[in-house]
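Reading through the structure tokens given below for one structure.
The values are calculated or read from the model by the stated rules, or taken from the named source; none is laboratory data. This is a predicted model, so every value here is computed, not measured. Cβ atoms come from the backbone with ideal geometry, glycine included; neighbour counts cover every protein chain shown. What goes into the accessible areas is simple: the full protein's heavy atoms, side chains included, and nothing from ligands, DNA or RNA. Shrake-Rupley method; radii C 1.70, N 1.55, O 1.52, S 1.80 Å.
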Amino acid sequence: MLFRSAQVSPTLGAIGDGDLVSDHGRIVRRNGELMASFGLMPPLPDLGLDGVHVMDDGEILFSIVRESFSERLGVMLRSGDILSSRGNVSREGRELLARFEPEDQAIEPGLDAFFVWPSGEVWFSTEYGFTSKTMGPIMDGALLSDQGHVVAHNLDLVQPFQPLEDLANFGLDGLFVVTDAAAPAKPARVLLNLEDGESGAVRLMWPGQGRVFQVEATSAVGDPFAPVSPIMP
């Protein structure tokens, strides 16, 4: 996760808005570490952090808030680009928007949240709305595909929450897609630990390579299983 503004932690010290942090109380990557391979002119600036997606092999894809010039690549790194922790531009912002044919090519709507499918398709949201020549106004809360269509409008995403506010758009800042499109290489291994011999309570643990897990149960092995836990990253 990330912070929208700089913070000070009593245990970790200063945390910039470009640092990637964990809810386990640690800094996963400093912004300087993410940008180290791009060859920026020193002193190395904190460019902020907007969207983040971690690939299965550990590569971190991300977008930045503030633009900067990469001396090594010889290009301007923009807020709408998907950058890689390996020091390259994975996808340019203009590539993501190309099939939408923005009316004003000079406007940079930025990149807020994104998800990269195994096929290479990217789902994303923009920091600011823009106007498409083919689809008209597109809000910053819409979930888009780089294939040139709207995956979901903002009101479709928030409808299950039944918001009281009469708004057409709440924005879309973060994105996490739960999917089994790419199965883990090895299934999780379930470990049982007897917690209380009298009550029969057990503790479940499952080391595995999946992105999310959910515990299911049944009263008989031959019967259908039903979820007994929330979906857990």
Anything in region 172-199 that is touching a Leu at 6+ places or on another chain (Cβ under 8 Å) and assigned to a loop (DSSP other than H, G, I, E, B)? List them, or say none.
LEU172, LEU175, VAL190
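If you go through region 118-147, how many residues are assigned to a loop (DSSP other than H, G, I, E, B) and either of a type in the set (Gly, Ala, Ser) or open to solvent by 20 Å² or more (accessible area, probe 1.4 Å) (or both)? Before you say what the answer is, go through the steps one by one.
Restricting attention to region 118-147, the residues satisfying the condition of being assigned to a loop (DSSP other than H, G, I, E, B) are 118-121, 125-129, 133-135, 139-142, 146-147.
Narrowing the set further to residues that are either of a type in the set (Gly, Ala, Ser) or open to solvent by 20 Å² or more (accessible area, probe 1.4 Å) (or both) leaves 118-121, 125, 127-129, 133-135, 139-142, 147.
Residues in region 118-147 being assigned to a loop (DSSP other than H, G, I, E, B) and either of a type in the set (Gly, Ala, Ser) or open to solvent by 20 Å² or more (accessible area, probe 1.4 Å) (or both): 16 in total.
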Within the set of pairs 6+ apart or on separate chains, which have a first residue in region 43-58 that is at positive phi, a second that is part of a loop (DSSP other than H, G, I, E, B) and open to solvent by 60 Å² or more (accessible area, probe 1.4 Å), and C-beta atoms under 6 Å apart?
GLY48/ARG66
Just for strands (runs of 3 or more DSSP E) wholly inside region 1-117: which have at least 3 residues that are under 30 Å from ASN154 (Cα atoms) and open to solvent by less than 20 Å² (accessible area, probe 1.4 Å)?
60-62, 82-84
Just to be sure I understand the filter: pairs with C-beta atoms under 7 Å, separated by 6 or more residues or on different chains, first member in region 130-145 and farther than 18 Å from ARG94 by Cβ, second member open to solvent by 10 Å² or more (accessible area, probe 1.4 Å) and hydroxyl-bearing (Ser, Thr, Tyr). Which pairs pass?
PRO137/THR131
Leading residue by the ranking (farthest from the chain's Cα centre (by Cα)) among those in region 162-201 that are among the β-branched types (Val, Ile, Thr) and surrounded by fewer than 12 Cβ atoms within 10 Å (Cβ to Cβ):
VAL190
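Check region 148-161 and report whether any residue there is part of a loop (DSSP other than H, G, I, E, B) and either open to solvent by less than 60 Å² (accessible area, probe 1.4 Å) or touching a strand residue (DSSP E or B) at 6+ places or on another chain (Cβ under 6 Å) (or both).
Checked against the condition, which is being part of a loop (DSSP other than H, G, I, E, B) and either open to solvent by less than 60 Å² (accessible area, probe 1.4 Å) or touching a strand residue (DSSP E or B) at 6+ places or on another chain (Cβ under 6 Å) (or both), region 148-161 yields at least one hit.
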Residue in region 146-153 that is of a type in the set (S, T, N, Q) and without any contact (Cβ under 8 Å) to a residue 40 or more places away in the chain present
no
Do the conditions hold for VAL190, that is, is it among the hydrophobic types (A, V, I, L, M, F, W, C) and out of contact with any strand residue (DSSP E or B) (no Cβ under 9 Å at 6 or more places or on another chain)?
no
